[in-house]
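Data first, discussion second: the structure below is written as structure tokens.
Values in this text are rule-based calculations from the coordinates and carry no lab data. As the structure is a prediction and not an experimental result, all values here were calculated from the model. Heads up, the Cβs are rebuilt from the backbone with ideal geometry, glycines too, and the neighbour counts pull from every protein chain shown.
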Amino acid sequence: MSHIFLYGPPGAGKSTIGKKLAGSLKLPFIDLDRLIEMKAGMSISQIMEQKGESEFRDLETRALNALRDEKESVVALGGGTLLRDENRVFAQGIGIVLLMMAEPGTLLERLQSNNGQRPLLAGDLVEKLPLLLAKRSEHYRSFPLLVHVDGRSVEQNVQQVQLTIGRHHLSAMGEYDVIVQGNGLEQLGGSLQMRGLKNPILVTDDNVAKFHIEKSMASLRESGFEPKVISIPPGETHKNLDTISRIWQGFLKAGLDRKSTAIALGGGVVGDMAGFAASTYMRGMAWVAVPTTLLSMVDASIGGKTGFDLSEGKNLIGSFYPPKLVLADPHLLKTLPEAELISGLAEVVKHGIISDPELFDLCGRGLEWVKDHLEEIVKRAMAVKIRIIEDDPYEKGSRAMLNLGHTVGHAVELVSKFHLRHGEAVAIGMVAEAKYAERLTVAGRGLSEAVAGSLSALGLPVHIPQGLPGDEIVRAMRMDKKKNAGTVLFALPAEIGRVELVEVTDPGMILDG
Ligand SMILES: NC(=O)c1ccc[n+]([C@@H]2O[C@H](COP(=O)([O-])OP(=O)(O)OC[C@H]3O[C@@H](n4cnc5c(N)ncnc54)[C@H](O)[C@@H]3O)[C@@H](O)[C@H]2O)c1
């Protein structure tokens, strides 16, 4: 089990935000203070008055320890619950602790309207609150996962908490959790068990298997599973019906039935194929995505699209078939070749441009900084895609925003005969589309320069390579499956943090200027 503990000073909003967070993650909510009151049959104030603080703290420790047997929950802690070292070690052992902080003025305002249940602050709040905060400031500062709640609505704070802890529940297409966690692979077995998923088979590729299969198997075995493995040759050239047949036959040989679970351990190629094979095997069995490339974490693993290529084109056959769980462990990226990482960063920058200016700025700090902060980057970028696909799961409207950079990008990738990596082509596409947006006055001047600056800082190309004929690129754009009758739909950047969908009749104009 892995509880989500909300901690912080009185008045930070642990209970209010906790309840909403639990609703959003479809988890039970527990308020530790209310639990203590229920068990003791009296209010916290009465416990303090009649038994003293030390006994209250004992009751608190006991109530906390009892959570070991509870199913995964969001837990609002008391403002001093983790002052005891043993409580802190215990909480961190059975979950994650997020600190919620607010300016003293905000806390004061909130407490003034509702201070009855806080005996340590009873009496002169204006005098006591700063003393309490000063006494605990070092303690609160020692928690690394932190959200400042000032100036945001409850809903915005819930979103911010989800982003910070890397935890989401998707429900627009199927119901599933998305978890982003360093060393999350160690939780694979437990995560399956918690969700009632059975009889797992790992589908991976030969590169990924070398680095990550043992740990995956160990985690599954620890949870009592007897996992099987299918490893396929790596790369897009194998994303075809032959490999899908091989996976189906592997499922049969392993004796899987509809109640079994395929675990896609790999990049987008493995995810797309394992997901598709699962969607069709015996009319559909469960699958879990464990993405191992940056691109598959921030893009391919979320959204429920599965499929494979035909010789006539990429992703021509496929299904919408969401996984039962996405478990992204950014530590797995340590073994990813740098060129693949850089390619994936194009999608991260794209997500920043679409709706997270802060993410865009972070990318601008350059490759080395980003490499040192991959968990934060992955969490932010995944949150952008999740918001979009929850709004438009079947690509009827706003999901097309995710095509930013891709209309030109796909064409450039194709005309380069795939010498350019996908991310490199998307980077080139984003700059071309930003320039076009400036010419159409959809964007203000300077946007394309800002986009190019961020991409270059990450080692991505920003110009169409010499030698790639413009007319072929335009022809490829017209052929792109995203075209509507006679026009091509572009997602154009209007500013950092906002894109507009624009129908273009003459896509040739995009390469002018
Ligand atoms: N389903 C979707 O919504 C969606 C979205 C975007 C892209 N895609 C698909 O994703 C595919 C591209 O995915 P990709 O970029 O992840 O490529 P990929 O799966 O081919 O992985 C790239 C390379 O990295 C290796 N690799 C993967 N993880 C590794 C790790 N942790 N350590 C060492 N090596 C590792 C792989 O073996 C491979 O050689 C394309 O087929 C594309 O169509 C799907």
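Here are the numbers for this structure:
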quantity: Rounded to the nearest 20 debye, dipole of the chain from Cβ charges on Lys, Arg, Asp, Glu; calculated: 1100
quantity: Violating pairs (Cα-Cα greater than 32 angstrom) within the set Lys228/Lys396; Lys19/Lys334; Lys39/Lys128; calculated: Lys228/Lys396; Lys19/Lys334
quantity: For Asp329, net neighbour charge (Lys/Arg +1, Asp/Glu -1) across residues whose Cβ lies under 13 Å away; calculated: +1
quantity: Reach of Lys350 by Cα under 14 Å, taken over aspartates and glutamates that are not fewer than 8 positions away in the same chain; calculated: Asp299, Glu358, Asp361, Glu424, Glu433, Glu495, Glu500
quantity: Length-normalised contact order for the chain - Cα pairs under 8 Å, 6+ apart - percent; calculated: 11
quantity: MRE, 222 nm, helices only [DSSP H, n ≥ 4, -39500 (n - 2.57), over the chain, to nearest 500]; calculated: -14500 deg cm²/dmol
quantity: Viscosity 0.890 mPa s, temperature 25 °C, Stokes-Einstein D of the range 274-413 from Kirkwood C-alpha radius, µm²/s; calculated: 154
quantity: Cα extents of the range 317-368 along the three principal axes, largest first (Å); calculated: 37, 29, 22
quantity: Estimated dipole of the range 141-291 in Debye, rounded to 20 [Cβ of Lys and Arg +1, of Asp and Glu -1, Cα centre]; calculated: 300
quantity: The chain - convex hull of the alpha-carbon atoms, volume per residue in Å³; calculated: 153
quantity: Cα-based Rg of the range 82-213 normalised by 2.2 N^0.38 Å, two decimals; calculated: 1.46
quantity: Within-14-Å neighbourhood charge of Asp242 [Cβ basis; K, R +1; D, E -1]; calculated: 0
quantity: Pairwise label distance in nanometres, Arg498 with Ala339, each label 7 Å out on the Cα-Cβ vector; calculated: 4.0
quantity: Mean projected area in nm² (Cα convex hull; one quarter of hull surface) for the range 282-326; calculated: 3.8
quantity: Å³ per residue enclosed by the Cα convex hull of the range 67-158; calculated: 124
quantity: The range 357-493, Cα convex hull volume normalised per residue, Å³; calculated: 124
quantity: Angle between the chain longest axis and helix 374-391 axis [Cα atoms, degrees, rounded to 10]; calculated: 80
quantity: Which of His168, His238, His463 has the fewest Cβ neighbours within 10 Å, and the rest in rising order; calculated: His463, His238, His168
quantity: Cα shape, the range 417-513, gyration tensor, a/c 1.5 rule; calculated: oblate
